[in-house]
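A short write-up of the structure that comes next.
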Amino acid sequence: MAAKTKSKATAEYSDAPINQSLTDEDKIEMLRKMVRIRRFEQTSLKHYQGDKIGGFLHLYIGQESVAVGSISLLGDNDHVITAYRDHGHALSVGMNMNECMAELFGKATGCSKGKGGSMHYFAPDKNYWGGHGIVGGQTPLGAGLAFALKYKGLKGCCLCYLGDGAINQGAFHEALNLAALWDLPVIYIIENNGYSMGTSQARSSAHPEEGLAARAKGYNMAWNKIEGVSLYEIRAGVSEAVERAHNESKPTIIEIMTYRHKGHSVADANAEKYRTKEEIQRYIEEHDPINFWKKTLLEEGVITEDDYKKINREAGDEANAAAEFAEKSPFPDESEIFDDIYWEVDNNTEAGRTGRHFFHK
Amino acid sequence: MPREITYREALREGLDEELAHDENVVIIGEEVAEYNGAYKVTEGLWKKWGDKRIIDAPISEAGFIGMGIGASMLGVRPVMELMFYSFAYVAFDQMMNNAATCRYMSGGLTNCPIVVRGPANGGTNVGATHSHTPENIFANMPGLKVVSPSDPYDVKGLIKSAIRDNDPVYFMESTVLYGMSGEVPSNDELDDGELIIPLGKAKVKKEGTDITLIAHGRAVVTSLLAAEILAEKYDINAEVLDLRSIRPLDENAIMESVRKTHRAIYIEENKPFCGVGAQISSMIMEQAFDDLDAPVLRITSADAPAFYSPPIEKLQLPTAEEIVERALTIC
């Protein structure tokens with residue numbers, strides 16, 4: 001699907017009730033969110049290369065529509081959990097750039113006080129439960145968040161994101177079975193960027209012809225496959241699953257076709273070897289969700305080119321300010337090492353004061 | 001005449017009381033509901049509490065334990081049964097990464113009030129895959145708590161504390177102990193109206209002056225037998241100290257006892273390499289070296305996978321005779 005003209009499919013999805021209810025402000029806000037994610041990550045890449053950031057950095061560039069579109073549908077009792085490519089989801093739920101950038105810099109002002117890093121952002125106050133480093137490890141947790149909602153009688157759901165590489169983990173299949181067996185309101189969103197690190201989908205996953213999500217059929221579960229370049233299509237597809245979760249307490253698997261412009265992580269030296277340069281270029285030019293949405297909003301007369309420039313500039317300024325904030329923030333104090341391990345110790349309860357909890361020295 | 005019930009009944013009573021105490025407590029595991037528990041620990045609870053509170057899980061440890069961890073982050077208090085603690089290895093990523101480290105990696109924004117309980121013992125001729133004793137492995141991981149009760153009184157008081165604890169507690173029982181009877185007062189006999197035993201408090205099971213036998217789980221029972229033999233045959237007055245909880249650890253009780261008796265042996269059904277006794281003996285050496293009159297000894301299971309053949313497996317586990325023999329070398 002090229003972005004050159006407004007396709008029939010796009011028109012169809014823009015007519016979906018969930019999209020008809022969007023105001024111009026809502027549409028601009030989604031554009032702003034995607035641009036903010038991109039500027040945040042471009043800035044983080046610069047500082048990674050400048051040795052300000054350690055460890056891994058898995059960039060979401062090219063996939064922004066997935067998090068922004070799906071999370072735009074959520075309400076107070078809806079929850080989010082994801083894997084290690086988590087910056088986009090974090091900014092989508094409303095975490096701010098300062099705390100996210102400072103976390104990358106390993107600073108005390110980071111969202112996890114510098115203890116989690118790029119892969120482990122958390123914001124429970126925004127119903128955001130991480131940020132998980134082990135491929136597929138978050139998928140049973142997503143079922144658990146949904147279990148808790150159902151147990152407490154709350155009308156909500158859990159969006160649990162995973163990559164296409166994670167679908168071959170055993171824990172994911174165990175979680176699917178539980179979700180279907182116990183009617184848990186969890187929605188597994190497979191962000192299919194085509195590559196399980198450096199291994200293409202064709203070389204890593206056996207699946208029905210219709211796609212990866214069609215594995216759901218084996219669990220008698222609803223599923224859907226969505227082209228991820230358009231926010232309209234994502235919102236239309238995911239909202240059906242959210243309705244199913246809210247009204248029937250049933251799970252869904254959704255596969256969203258997307259593409260990461262960068263490597264698996266910044267350390268992925270082969271990012272341009274297992275994919276052709278032409279392929280990468282084609283996706284950047286024709287399937288970039290930000291360009292696509294910008295064009296859609298220009299066509300609709302919702303924004304002007306100047307509006308877009310302003311959004312872009314503001315997001316860049318915000319990201320630079322976040323990097324400055326991160327740079328100026330202090331590193332965590334050494335005394336922090338033994339905080340945040342046991343709740344009872346941190347809260348100085350009777351249980352936390354009874355017996356020895358730590359054994360260093 | 002004080003009330004006597006079995007370890008299994010005491011454990012069930014503790015679970016039942018916590019189900020009543022907090023509506024967020026839910027029991028999930030293989031065969032815990034309609035089947036009444038593979039070892040009958042949960043017998044009758046499904047009938048009493050129904051489908052919402054007592055849930056049969058498919059054979060899917062990584063899935064349902066991970067699910068429990070996720071649910072606990074949102075305030076449910078799952079008590080997960082592992083039919084055998086050996087099956088924890090199937091759920092290892094969930095138990096080691098997700099339960100133990102999410103709090104840290106979120107800078108303290110999350111916590112996982114989950115209990116994972118089940119029998120962790122050898123000696124029942126079920127082969128190596130069903131005979132693991134992973135208390136040392138889990139106690140190695142900061143963020144986790146590990147409890148190993150040795151008698152009916154303790155198992156009731158400790159399970160109640162474990163469920164009320166706001167951190168993940170891995171609660172390791174023994175199929176050999178399930179049928180053991182012991183005194184457990186009923187609630188109306190207790191001043192507080194219920195039996196709660198804090199984690200991190202060891203208990204002197206028998207006072208002594210000549211040597212300290214330190215143990216956890218069923219090895220406490222073996223140590224008490226050894227102490228009787230030592231007293232009767234050799235006029236050696238052994239003290240028996242039951243750790244009850246391995247992490248948090250009652251270090252003071254250990255040092256206090258060693259400073260009194262000047263000799264110590266750690267007895268466990270765990271394997272020797274990096275076992276619980278290795279940690280404890282190192283701590284004694286560092287903190288009470290001058291009080292020792294002999295090296296600290298360790299008695300463990302044989303350093304081999306569990307042997308199926310019944311008479312041979314018996315030889316793999318610590319016995320009272322072995323404890324006596326080793327004690328005589330340092331007394």
**Prompt:** Within the range A:144-156, how many residues are more than 7 Å from chain B (Cβ to nearest Cβ), open to solvent by 10 Å² or more (accessible area, probe 1.4 Å) and of a type outside the set (Lys, Arg)?
**Reply:** 2
**Of all residues in the range B:100-112 being in a loop (DSSP other than H, G, I, E, B) and open to solvent by less than 10 Å² (accessible area, probe 1.4 Å), the one that is nearest to B:VAL176 (Cα to Cα)** = B:CYS112
**Prompt:** So which residues in the range A:124-143 are open to solvent by less than 20 Å² (accessible area, probe 1.4 Å), more than 7 Å from every other protein chain (Cβ to nearest Cβ) and closer than 16 Å to A:HIS89 by Cα, if there are any at all?
**Reply:** A:TYR128, A:GLY131, A:HIS132, A:GLN138, A:THR139
**Prompt:** Out of the residues in the range A:308-361 that are among the acidic types (Asp, Glu) and more than 8 Å from every other protein chain (Cβ to nearest Cβ), which is most open to solvent (accessible area, probe 1.4 Å)?
**Reply:** A:GLU334
**Message:** I need the full set of residues from the range A:46-72 which are of a type outside the set (S, T, N, Q) and open to solvent by 30 Å² or more (accessible area, probe 1.4 Å), in order please.
**Reply:** A:LYS46, A:HIS47, A:TYR48, A:GLY50, A:ASP51, A:LYS52, A:GLY54, A:GLY55, A:PHE56
**Prompt:** Can you name the number of the only condition in (1) under 26 Å from A:CYS157 (Cα atoms); (2) of a type outside the set (A, V, I, L, M); (3) facing another protein chain (nearest Cβ under 10 Å) that A:GLY117 fails?
**Reply:** (1)
**Request:** Report those helices (runs of 4 or more DSSP H) wholly inside the range A:123-204 carrying at least 3 residues which are small (Gly, Ala, Ser), under 23 Å from B:PHE92 (Cα atoms) and in contact (Cβ under 8 Å) with a residue 24 or more places away in the chain.
**Result:** A:138-151, A:170-181
**Matching residues in the range B:79-99 - criterion: being at the interface with another protein chain (Cβ under 8 Å from one of its Cβ atoms) and either surrounded by fewer than 24 Cβ atoms within 10 Å (Cβ to Cβ) or farther than 13 Å from B:TYR170 by Cβ (or both)** = B:ASP93, B:ASN97, B:ASN98
**Message:** So, A:LEU178, is that one within 24 Å of B:LEU109 (Cα to Cα), at pLDDT 95 or above and surrounded by 22 or more Cβ atoms within 10 Å (Cβ to Cβ) or not?
**Reply:** no
**Asked** Just a yes or no: is a residue in the range B:207-215 surrounded by fewer than 17 Cβ atoms within 10 Å (Cβ to Cβ) and either away from every other protein chain (no Cβ under 12 Å) or under 28 Å from A:TRP343 (Cβ atoms) (or both)?
**Response** yes
**Request:** Kindly indicate the residue of the range B:55-78 that is in a loop (DSSP other than H, G, I, E, B) and more than 7 Å from chain A (Cβ to nearest Cβ) and also least open to solvent (accessible area, probe 1.4 Å) among those meeting that condition.
**Result:** B:ALA57
**Prompt:** Among (1) open to solvent by 10 Å² or more (accessible area, probe 1.4 Å); (2) outside any loop (DSSP other than H, G, I, E, B); (3) among the polar types (S, T, N, Q), where does A:THR109 come up short?
**Reply:** (2)
**Prompt:** Taking the range A:157-175, which residues are facing another protein chain (nearest Cβ under 10 Å) and surrounded by fewer than 22 Cβ atoms within 10 Å (Cβ to Cβ)?
**Reply:** A:GLN169, A:GLY170, A:HIS173
**Request:** Determine the pairs where a residue that is of a type in the set (Val, Ile, Thr), located within the range B:219-232, has a partner that is part of a helix (DSSP H, G or I) with Cβ atoms under 9 Å apart, the partner being 6 or more residues away or on another chain.
**Result:** B:THR222/B:ALA320; B:THR222/B:GLU322; B:THR222/B:ILE323; B:ILE229/B:ALA320; B:ILE229/B:GLU321; B:ILE229/B:ILE323; B:ILE229/B:VAL324
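The values are calculated or read from the model by the stated rules, or taken from the named source; none is laboratory data. As the structure is a computational prediction, the values presented were derived from the model and not from experiment. Using ideal geometry, Cβ is built from the backbone for each residue, glycine included, and neighbour counts are taken over all protein chains shown. Protein only, heavy atoms only, side chains kept; ligands, DNA and RNA dropped before computing areas. Shrake-Rupley method; radii C 1.70, N 1.55, O 1.52, S 1.80 Å.
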